[in-house]
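Any read-out appearing in this document is the output of simple, stated calculations on the displayed coordinates, not a laboratory observation. Since the model is a prediction, treat every value here as computed from it, not as a measurement. Positions of Cβ are generated from backbone atoms using ideal geometry, with glycine treated the same way; all protein chains shown enter the neighbour counts.
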Amino acid sequence: MLKVRPIRTWAPRQCSKRSKSTAPGTCATCRWRSTCRFWPPLPSENNSRPCKESRLLRVGVLGCGPIAQFAHLDACRKARNAELYAICDVAEDLLARMAAIHEPRKTYRAFDAMLADPQVEAVILAIADPYHVPVAQKAIAAGKHVLVEKLLGVSIEESEQLRQRLRETKLVLQVGNNRRFDPGIAFAQKFLQEEVGQRMGFKAWYYDSTYRYTMTDNLQPIPILSKQARKPEDKFKADKRRYFMLTHGSHLVDSARFLGGELAAVRARLLERFDAYCWFVSVDFADGSLGHLDLTIAVRGDFEEGFHIYGDHGSVIGKVYLPWFHKASHVECFSAKDRQFHRPLGEDAYTYKRQIEAFADTILLGAPLQGASIDDGVAAMRALVAIARSAESGETIRLADVTGGV
């Protein structure tokens, strides 16, 4: 006899798993769909509606350019504990287009006006690197928490000045080194801390590809540009050696510090050929272990990041994908204790969303800062400057001794 399945009711239900005592992130991916009030959706609802918590951090995003369009605006809307409350850009046409797409509550053409809005609790600075420190200082002076796109600044002195300003407040500043929120990399870091023991060797590489834009053009929305957009006066991107080290090297250096610990000294070599740049960097870590960093912009091949780390009780090997695939890094962590490899799935690898969620958890719940702190930002700046100075002189450079910018 044919069994007839009962008709499923579509009435929304409150998620019984979510409460004040629930650990941050419990409903981050709607894993409790059987009781979540947003699942299953009503037939008339947009089925992509994200699961949101009752208390949302009200965020204002400064800058509606490509990185905001590709990452921060969408990520803020999808974050479980944040609201895209306001957006700000000097380009009126760009501001109007982004407002039509993302529907924030408020729009501003002047950053001072957005800072004056008492409903804005935190700001995301999705602007050019030379603007990071002066604009972050204004936000801190206005009492706003700050998530600033990497890198923190363009010189050691301005980065340290910002750190001093921040220390005079109780505000949160997080640097947008999104690789820390790749589930594979986060798993590797935890494994290294808990299983591997004393480290001996660290190798990491970052290869940008001549074909990257072909891939990203298929992965990202078509960028909306404006002739009214504000750009740095010093033509920041014109000096490729400097620009590549700051933009791409900042990822490599932060990953090295996140996985390998503090860098004490570096010795770098640089080769420029056929409009490509290759840095080989020998590293002395503060714990006495040795390291090698390889930054090549751009290879005639696939984009690739990766790392090999060896220690007393195990090893870690990782391959990092182009972040716009939103795919967790492939990591294999070997433990000598059980003689087994450990590998996470990392199904939620939207790193830009995850970094906003962690940022909001720190502000709203007092959770420990998971992202890169201002101290991490200053240390990364020192590492980049040291690499640049070593490449120029051929000498080993201690990070504690450097000043200035790249």
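In table form, for the structure just shown:
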read-out	value
Length added when fully stretched, residue 227-residue 97, from 0.36 nm per residue minus Cα-Cα	45.4 nm
Other-chain or far-sequence residues with amide H under 5 Å of residue 292's (modelled H)	202, 203, 204, 283
Debye log10 I(q)/I(0) at q = 0.12 Å⁻¹ for the chain, Cα point scatterers	-1.03
DSSP-assigned coil residues among trypsin sites (Lys or Arg not before Pro) in region 168-207, each with at most 10 further Cβ atoms within 10 Å	170
Region 119-184-region 335-406 distance, computed between alpha-carbon centres (Å)	14 Å
Rg/Rh ratio calculated on Cα atoms of region 227-364 (Kirkwood radius)	1.01
Residues 279, 205, sorted so that the one with the fewest Cβ neighbours within 10 Å comes first	205, 279
Lysine-lysine proximity count for region 189-306, Cα under 29 Å, sequence distance 8 or more or distinct chains	7
Translational diffusion coefficient (Stokes-Einstein; Kirkwood radius from C-alpha pairs) of region 209-249 at 37 °C, 0.692 mPa s, in µm²/s	259 µm²/s
Lysines whose Cα lies under 22 Å from that of residue 170, excluding same-chain neighbours fewer than 8 positions away	138, 144, 150
Rounded to the nearest 20 debye, dipole of the chain from Cβ charges on Lys, Arg, Asp, Glu	1740 debye
For the chain, calculated [θ]222 nm from helices alone, where every DSSP H run of n ≥ 4 adds -39500 (n - 2.57)	-8500 deg cm²/dmol
Rg [Å, one decimal], Dmax [Å, integer] - region 57-178, C-alpha atoms	13.5, 40
